[in-house]
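The structure appears below as structure tokens.
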Amino acid sequence: MKFEDFKNTLLYRKITKWEDNQITLDNGIEISIEMTDSDCCAYAYGQFKDVVLDAAITNVSDIKYEPWKDEDGWGEYGCKATVTIMHNRNVICKAVGEADAGNGGYYYSIASFVVRILGNEDKEYCHFVGSEDGEEDD
């Protein structure tokens, strides 16, 4: 799933339920932020913050990508990505995910939006950012 498709899944829907890492839309679609891949000791996670349940989603921001370096300054160790969900120009939800490169920065992890559609056991993934360049993955 491309990020643009993910945005279209959210637009004009209403969030009816909120748990730390999952929101449910008025059409029954559940969206969570989960670690979908990792290597060795790397870790990724995400959560939804500051959710307002009484407004339709009218805009979804592009991914705001913030890499961070390891303690020794040897290179990129991980990243934080934020997507803001809005009603008109008011923020009604923030989706925040983090992924790191594990011990010594030699590994990888991927934080993804997981979209679950009622009656369908398959999962579709919309990755926050690419593992190398900060761009959206397919």
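Given 20 °C and 1.002 mPa s, how large is the Stokes-Einstein diffusion coefficient of segment 1-102 in µm²/s, with Rh as the Kirkwood radius over Cα pairs?
147 µm²/s
How long are the three semi-axes of the equivalent ellipsoid for segment 1-61, computed from the Cα gyration tensor as the root of 5 times each eigenvalue, in whole Å, largest first?
Output for segment 1-61: semi-axes of 24, 14, 10 Å.
Report the net charge of residues surrounding Phe48, where surrounding means a beta-carbon distance below 9 angstrom and charges are Lys +1, Arg +1, Asp -1, Glu -1.
It works out to a net charge of -1.
Summing +1 for each Lys or Arg and -1 for each Asp or Glu, what net charge is found among the other residues whose Cβ lies under 12 Å from the Cβ of Thr58? Before the final figure, lay out the partial values.
Numbers: positive: Lys7, Arg13, Lys14, Arg89; negative: none.
Taking every Cβ under 12 Å from that of Thr58, the sum is +4.
I need the P(r) histogram for segment 74-115: all alpha carbon pairs, bin width 10 Å from 0 out to the longest distance, whole percents.
Binned Cα distances yield the sequence 25, 37, 24, 12, 2.
Give me the percent of accessible area attributable to carbon and sulfur for segment 1-97, probe 1.4 angstrom.
Values: 2400 of 5400 Å².
Roughly 45 percent of what the probe reaches on segment 1-97 is carbon or sulfur.
Nearest 0.05, what FRET efficiency do Asp5 and Cys41 give at R0 = 35 Å with Cβ-Cβ as r?
Computed FRET efficiency for Asp5 and Cys41 comes out at 0.60.
State, to one decimal in nm, how far the label point of Glu30 lies from the label point of Asp62, with both points 7 Å from Cα in the Cβ direction.
For the pair Glu30/Asp62, the computed spacing is 3.3 nm.
The values are calculated or read from the model by the stated rules, or taken from the named source; none is laboratory data. The structure presented is a predicted model; accordingly, all values stated were derived computationally and were not measured. We place every Cβ from the backbone using ideal geometry, glycine too, and count neighbours over all the protein chains shown. Side chains included, ligands, DNA and RNA excluded: accessible areas come from the protein's heavy atoms. Shrake-Rupley method; radii C 1.70, N 1.55, O 1.52, S 1.80 Å.
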